[in-house]
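To start, the structure under review is shown below, and the notes come after it.
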Amino acid sequence: MPRIGVFVCWCGSNIGGVLDCPAIAKEAASFPGVVFSTDYKYMCSDPGQNLIIEAIREHRLDRVVVASCSPRLHEETFRQVLRRAGLNPYFLEMANLREHCSWVHPHEQEAAQRKAVDIVRRAVAKAARLTPLSPGRIPVTKRCLIIGGGIAGIQAALDVADAGFEVVLVEREPTIGGNMVKLDKTFPTLDCSACINTPKMVAVAQHPRVKLYTYAQVEEVSGYIGNFKVRIRQKAKYVDHSKCTGCGTCWARCPVSVKDEFNLGLGERSAIYIPFPQAVPNKPVIDAAHCRQLTKGKCGVCAKVCPAKAVDYNQQDEIIEVDVGAIVVATGYGLFPWEKVYGEYGYGRYPDVISGMAFERLVNAAGPTGGKIQRPSDGKEPKTVVFIQCVGSRDEAKGKAYCSRICCMYTAKHAHQVLEKIPGARVYVFYIDVRTFGKGYEEFYRRVMEEGAVYIRGRVSKVFQEGSKLIVKGADTLLGEQVEIAADMVVLATGVTPAEGAHDLARMIGIPVDKDGFFQEAHPKLRPVETHTGGVFLAGACQGPKDIPDTVAQASGAAAKVCALLFKDELETNPMVSRVNEALCTGCLACQKVCPYRAIQEAVITERIPGQPPRERIVARVNEGLCQGCGACAVTCRAGAIDLKGFTNDQLLAEVDALCL
Amino acid sequence: MNKNGAAERENSTWQPKIVAFLCNWCSYAGADLAGVSRLKYPANVRIIRVPCSSRVNPQFILRAFQRGADGVLVAGCHPGDCHYVTGNYFTRRRLMLFKRLLEFTGFAPERLKVRWVSAAEGGRFAETIKEMVEELRDLGPNRVMREEK
Ligand SMILES: Cc1cc2nc3c(=O)[nH]c(=O)nc-3n(C[C@H](O)[C@H](O)[C@H](O)COP(=O)(O)OP(=O)(O)OC[C@H]3O[C@@H](n4cnc5c(N)ncnc54)[C@H](O)[C@@H]3O)c2cc1C
Ligand code: SF4
Ligand code: SF4
């Protein structure tokens, strides 16, 4: 008979304020197998942990039930406590009194108290049936995959590579740099974005331990922490980059001209192109959809003029396979498609209503106008500019309840840029509230107001064209008046959304997304760069809207986590894997078909039955290195020959019984 | 509404008992989020953590009904989002069949619910429990499958 100890935690008032913890402990003392039970204010604290260790020693406990918060939070903490007390760490079972009881039923204390007792009874029933488990060991591949080459991916790549590990950096665009290289100046310091970003782009591309794949996409991720297998599709560039010198002859002579996505359609590019002059790599790709040679078989100019003979119209996509031990997802963000939703701002019909990112390109010295702020419609300098904040943020009507966190600041930056570059300009900003949360941000916002930007608290109800003017109608809710402004240009602070394709990528890797589609971190406060999938980390705006300082900080955090993982030669595996009872197995291998990890293999055993010649028989066998412990096989097996350690049939049935008393 | 249930509702000291099997990665986390967000829902549910919804053997569900559960919830990640890639597809097929079997034997299939609740859907978890409690109140206690004790 096991000797079970029950430890009921108050979690301060989180549990203790709703449930009567001493009463729970008292009741638990009568459950079968329980030889000791007590309650304490904070079980996870140092004295709480010591209390458990002492009780284990004093009462010769060999199974421990901690009734506290979610096991998803502290199971590992308490397993370590058992280990320190000399017990097998898997002799622990937790009862979730906080997330599943006190926090959700404060309104019916009596029912909650009964439920709490049931929860503890369930845990005790399971604890009585726990068996010691010991993890296996697997080797770690000392290489890291980073998906997305924005500032987040670049920073993480540099940090991991500088620590001595190999990095594979995959970017789907023809250049790295992400959204940050499109920006002109960066708030609040107004330093030039390219000046701080492009040197890092070059450093990462030249780093001896970084293998950079641009114009490439991750197509398949399999395996598990320490041992991922990744398939990367290198899209055909139609230019052999080992021969190309980046001289530029080709794109100067290409006869095609299409709208340029890097400049948000404000400029044009050829079919063989680099996205912008400082691109990394600084060598062109051919846009197959627009190249006349590739679509119609007529042209071939670039191949003819290329002095290095680098153009190759027959190039094919290539598949690259790499093994990595860790993955950092740094795929960044997209911008809210206001043109599809905001009828009141003209659905993108008026050329002089533009997005904040388009404004960045307009004001950028390397942009389509050389940094002159001009109206897209007629190239004139706008004298009156209206900015509208929260377009697609904090707007439940459009399905986006969240704040995009950067728009207040970039709008203030844009307002400053207009006032600085256009003498006598008038600037109006419509806002709901201004949120300037970062270091130096509030000061920056005040400065812009002092420079003359007029902030109007209220929503804009309509924007429409009248002659060459855009009429902006809105409310000033502080003055309680309607306002109408005749503007030359309107700039919308469009909110941040997850990058295109983020959900597909999440599925491929097996990580969850949150309700808004951003990647879900393992814990918002305590594990902000990890995911619930071991070995997969997050960096930058892919986890939620972020400015550059926060992005870079998180990227370095992710890199530190990667290094901590790659420094290890071996990892312990999850011992909660399935096991075949070969005596019961009929060899039907139905289990093999449901296993997503191909962990079940066919084995031949020799059976000796007394008085008969030895007989060979097929059975299923589990590869513990591959099994991830889902248990699908255990349910499939009709002979009941497979069971999942840590979640056995016997344990689960005992839990059911304990709950249905 | 069945007559039995209506009667039970009248002298309503009876509370339906729900056993919920929640997958560790999505639905258990969803229930945790309901807690973190302090969403209130009725205290009728008792949760059992499983690694994946595909770990739930119909035998466990039967046992719960036999021992006196009035309703059983099996919840896992949304199809396509399973932590173990394909586990919830097995759950869906298996439990769909099992539900038909329950129906065939004359047992109210509404007592078994299979739901997809992601780690971000604390609200959906709370709503599911509220909904089940309402429905079970109408159905009344499970007497068909229950072993006499
Ligand atoms: C108008 C505007 C102005 C701004 N101004 C400022 C400012 O002044 N100061 C400031 O601090 N912040 C500013 N920001 C915010 C800043 O842009 C972000 O903080 C920063 O770019 C986030 O970096 P990231 O690397 O996380 O994402 P991104 O820059 O979006 O980079 C992600 C990269 O991943 C790639 N990618 C996406 N999906 C995949 C995939 N499946 N496979 C491979 N690659 C993929 C993308 O092509 C991209 O290169 C501004 C934002 C906007 C919209
Ligand atoms: S002309 Fe040839 S070498 Fe020069 S940039 Fe084009 S492809 Fe490269
Ligand atoms: S528990 Fe899941 S991963 Fe392990 S062998 Fe069974 S089906 Fe495969």
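The values are calculated or read from the model by the stated rules, or taken from the named source; none is laboratory data. Remember, predicted model here, so these are calculated numbers, not experimental data. We place every Cβ from the backbone using ideal geometry, glycine too, and count neighbours over all the protein chains shown.
Residue B:85 versus (1) away from ligand 3 (no atom under 16 Å from the Cβ); (2) modelled with pLDDT under 95: which is the lone unmet condition?
Status for residue B:85: all satisfied but (1).
Taking segment A:121-138 only, how many residues are at pLDDT 95 or above, in a loop (DSSP other than H, G, I, E, B) and not aliphatic (A, V, I, L, M)?
Adding up the residues that qualify gives 3.
Based on this model, can you work out whether residue A:643 counts as within 14 Å of chain B (Cβ to nearest Cβ), in contact (Cβ under 8 Å) with a residue 60 or more places away in the chain and in a strand (DSSP E or B)?
yes
Would segment A:237-255 turn up any residue that is touching an Asp or Glu at 6+ places or on another chain (Cβ under 7 Å) and closer than 30 Å to residue A:164 by Cβ?
Within segment A:237-255 (the criterion being touching an Asp or Glu at 6+ places or on another chain (Cβ under 7 Å) and closer than 30 Å to residue A:164 by Cβ), the answer is no, since none of the residues qualifies.
Restricting the first residue to segment A:106-119 and requiring it to be more than 7 Å from every other protein chain (Cβ to nearest Cβ), which pairs with a second residue that is of a type in the set (Asp, Glu) meet a Cβ separation below 9 Å and a spacing of at least six or different chains?
From segment A:106-119, the pairs are A:109/A:20; A:113/A:20; A:116/A:20; A:117/A:27.
Residues that are of a type outside the set (Val, Ile, Thr) and closer than 11 Å to residue A:5 by Cα, at least 1 per element: which helices (runs of 4 or more DSSP H) completely within segment A:17-120 meet that?
Those helices (runs of 4 or more DSSP H) span A:21-28, A:46-58.
When you scan segment A:244-318 for helices (runs of 4 or more DSSP H) that lie fully inside it, which ones turn up with 1 or more residues that are within 13 Å of ligand 2 (Cβ to nearest atom), surrounded by fewer than 18 Cβ atoms within 10 Å (Cβ to Cβ) and in contact (Cβ under 8 Å) with a residue 40 or more places away in the chain?
The qualifying helices (runs of 4 or more DSSP H) are A:249-253, A:301-305.
Filter segment B:101-132 down to the residues that are assigned to a helix (DSSP H, G or I), buried (at least 17 other Cβ atoms within 10 Å of the Cβ) and within 11 Å of chain A (Cβ to nearest Cβ) and list them by number.
Initially, segment B:101-132 is screened for residues assigned to a helix (DSSP H, G or I), giving B:101-104, B:109-111, B:122-132.
This time we only want the ones that are buried (at least 17 other Cβ atoms within 10 Å of the Cβ), so: B:102, B:111, B:122, B:124-126, B:128-129, B:132.
Answer for segment B:101-132, where residues must be assigned to a helix (DSSP H, G or I), buried (at least 17 other Cβ atoms within 10 Å of the Cβ) and within 11 Å of chain A (Cβ to nearest Cβ): B:122, B:124, B:125, B:126, B:129.
Inspect all residues belonging to segment A:594-604 and state whether any of them is polar (S, T, N, Q) and modelled with pLDDT of 95 or more. First the steps, then the outcome.
Initial filter on segment A:594-604 (polar (S, T, N, Q)): A:601.
Pick out the ones that are also modelled with pLDDT of 95 or more and you get none.
Checking segment A:594-604: not a single residue is polar (S, T, N, Q) and modelled with pLDDT of 95 or more.
Does residue A:428 meet the test of being assigned to a loop (DSSP other than H, G, I, E, B) and either within 12 Å of ligand 1 (Cβ to nearest atom) or in the same structural domain as residue A:456 (by the TED database) (or both)?
For residue A:428, the condition - assigned to a loop (DSSP other than H, G, I, E, B) and either within 12 Å of ligand 1 (Cβ to nearest atom) or in the same structural domain as residue A:456 (by the TED database) (or both) - is not met.
What number of residues within segment A:525-541 are part of a loop (DSSP other than H, G, I, E, B) and within 14 Å of another protein chain (Cβ to nearest Cβ)?
Result for segment A:525-541: 7.
State all residues of segment B:62-82 that are closer than 28 Å to residue A:532 by Cα and more than 16 Å from ligand 3 (Cβ to nearest atom); if no residue qualifies, say none. I'd like the intermediate steps shown before the answer.
Within segment B:62-82, the first condition is being closer than 28 Å to residue A:532 by Cα, and the residues that meet it are B:72-82.
B:72, B:73, B:74, B:75, B:78, B:79, B:80, B:81, listed by residue number.
Condition (residue is within 30 Å of residue A:378 (Cβ to Cβ) and assigned to a loop (DSSP other than H, G, I, E, B)) applied to segment A:321-335: is it met by at least one residue?
no
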